[in-house]
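The values are calculated or read from the model by the stated rules, or taken from the named source; none is laboratory data. All values reported here derive from a predicted model rather than from experimental measurement. All Cβ positions, even for glycine, are placed from backbone atoms using ideal geometry, and neighbour counts span all protein chains on display. Heads up: the accessible areas ignore ligands, DNA and RNA and are worked out on the full protein's heavy atoms, side chains in. Shrake-Rupley method; radii C 1.70, N 1.55, O 1.52, S 1.80 Å.
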Amino acid sequence: QYGEISNAIKVLSHQVEIGKEEEGVGVIRFRPEITIRQEPKKGQVVSGDTLIHFEKNGKYFVILCDGMGHGEAALAESRLTARLFSEFLRAGFRKEIAVNMINSTLALKADRESFSTVDLLEINMETGVCEFLKIGSAQSFIKAKGNIIEISSKALPVGILESIEVETHEIELKSGDIILMVSDGIGEAGEGIMKMS
């Protein structure tokens, strides 16, 4: 089922790209540098997290998903969610629509409970404005001029509720600002030592 949904999205994405002109992109003033570090849970061979990043129409997208559980099963959930989200965004769907379509897809899985967190960062490379969309994900942090800003949300992961209300957080970045996105393996380590008081 997931494979067929993914294939359908790829076809739709291709048709959308053929049928429309590329959106105009202004002057690119910002270029993000991405560093990724993953480690599996102790006793597991693979991490249950998936990260996808790509550029489209003057915007840079980072998608971090954490599947339910750990190991191969969690990786399958997070990989599906991240891949679907990426394909929806590449096809031109709005973030809110993409999230609800993915939520419905995960809810279709009848053999067992299935859910994944979604942590999306969208950076406008012309203006430096970034937008966070967080669903069930751990907090993110921005280091700006020596100050630390925490971005968090109390929304449940996709695949649990029938519908999701999407909440976004918008911040204007400056050159040299640092963004740290983590999964709950880091965010909740050491009894939540990364949580700001």
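Among the protein heavy atoms of the range 34-79, carbon and sulfur supply 50% of the accessible surface, probe 1.4 Å, non-protein parts ignored. Among the listed pairs Lys95/Lys134; Lys59/Lys95; Lys59/Lys154; Lys56/Lys145, those whose Cα-Cα separation exceeds 21 Å are Lys59/Lys154; Lys56/Lys145. Highest mean packing first, where packing is the average number of other Cβ atoms within 10 Å per residue, the peptides 61-67, 126-132 line up as 61-67, 126-132.
For GluC sites (Glu not before Pro), the sites in the range 24-102 that DSSP calls loop and that have at most 10 other Cβ atoms within 10 Å are Glu33.
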